[in-house]
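**Student:** Attaching a single structure in structure tokens format; questions to follow.
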Amino acid sequence: MPITLSDLAHPDHVQRVSQSFALQGAMHTLGAHLGRIAPGEVDIELDWAPSLTQQHGFLHAGMVSAALDSACGYAAFTLMPDEAAVLTIEFKINLLAPARGPRFRMEGRVIKPGRTITVCEGRAYGIDGSQEKLIATMGCTLMSVIGRDGVAG
């Protein structure tokens, strides 16, 4: 029988992700909060705010990138052992549409888990009522870090 992401999940992945997320000043600055947390899957949600926009009033690409990066990182973190911390080593973002909407959801999903390197995909949606529009995608590579000074899970 094939191994699933649930088989690889840290036993306390929800609490672990929540505790780490609470330490992120960047996500606090964005007014972001955690949505879905499941093995290999994390959603981060945030509301539009004038302080997060670019000159046309759209959510700034840097804000979209930061939230997508965190969603992907935490999706990978759900599968890492106790002693591991997570760090992004590479990402590429495709901005598909202006980031409009009163609300946004950034989804991180593990595509290929690994002991050291995990590959994730991210999708960002602008949400207006019941309408959702895909505004960006991300490919993200993350590293499990163990035993490095200043980097702790």
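**Student:** Using a 1.4 Å probe on the protein heavy atoms, what percent of the accessible area of the chain belongs to carbon and sulfur?
**Tutor:** Details: 4420 of 8150 Å².
Solvent-exposed carbon and sulfur of the chain make up 54 percent of the total.
**Student:** Is it possible to state the helix-based mean residue ellipticity at 222 nm for the chain, with each DSSP H run of 4+ residues giving -39500 (n - 2.57), the sum divided by total residues, to the nearest 500 deg cm²/dmol? What is it?
**Tutor:** On the way: 4 runs with 37 residues, N = 153.
When only DSSP H runs of four or more count, the value is -7000 deg cm²/dmol.
**Student:** Same structure, new question: Principal axis extents for region 50-119, Cα atoms only, whole Å, descending order, please.
**Tutor:** Over region 50-119, Cα extents along the principal axes are 43, 20, 18 Å.
**Student:** Rolling a 1.4 angstrom probe over the protein chains, ignoring ligands and nucleic acids, what is the accessible area of His13 in square angstrom, nearest 10?
**Tutor:** Approximately 30 Å² of His13 is accessible to the 1.4 Å probe.
**Student:** Separate question: Taking a probe of 1.4 angstrom, what is the accessible area of Met143 in Å², to the nearest 10?
**Tutor:** For Met143, solvent-accessible area is about 40 Å².
**Student:** By the scheme Lys and Arg +1, Asp and Glu -1, what is the net charge of all other residues having a beta-carbon under 14 Å from that of Arg105? It would help to have the intermediate numbers written out before the result.
**Tutor:** Numbers: positive: Arg36, Arg100, Arg103, Arg109, Arg123, Lys133; negative: Glu41, Asp43, Glu45, Asp47, Glu107, Asp128, Glu132.
So the surrounding residues net to -1.
**Student:** Keeping every protein chain present and rolling a 1.4 Å probe, give me the accessible area per residue for the chain in Å². Present the calculation step by step, with values, prior to reporting the outcome.
**Tutor:** On the way: 8150 Å² over 153 residues.
Accessible area per residue: 53 Å².
**Student:** While we're looking at this one, here's another question. Counting only residues 5 or more places away or on other chains, whose amide H sits under 5 Å from the amide H of Arg36 once H atoms are built in the peptide plane?
**Tutor:** Amide H neighbours of Arg36, under 5 Å, 5+ apart: Asp43.
**Student:** Further, regarding this structure: Probe 1.4 Å, all protein chains in place: accessible area of Asp69 in Å², nearest 10?
**Tutor:** Roll a 1.4 Å probe over it and Asp69 shows about 40 Å².
**Student:** Then there's this: Across the Cα atoms of region 1-65, what radius of gyration and what greatest pairwise Cα-Cα distance (Dmax) are found, in Å?
**Tutor:** Rg and Dmax of region 1-65, Cα atoms, are 15.3, 52 Å.
**Student:** Would you work out the relative contact order for the chain, in percent, from Cα pairs under 8 angstrom that are 6 or more residues apart?
**Tutor:** Details: 351 pairs, mean separation 35.5, N = 153.
23 percent.
The values are calculated or read from the model by the stated rules, or taken from the named source; none is laboratory data. The structure presented is a predicted model; accordingly, all values stated were derived computationally and were not measured. For neighbour counting, all protein chains shown are included, and Cβ atoms are generated from backbone atoms with ideal geometry for every residue, glycine included. All accessible areas refer to the heavy atoms of the entire protein, side chains included, with ligands and DNA or RNA removed. Shrake-Rupley method; radii C 1.70, N 1.55, O 1.52, S 1.80 Å.
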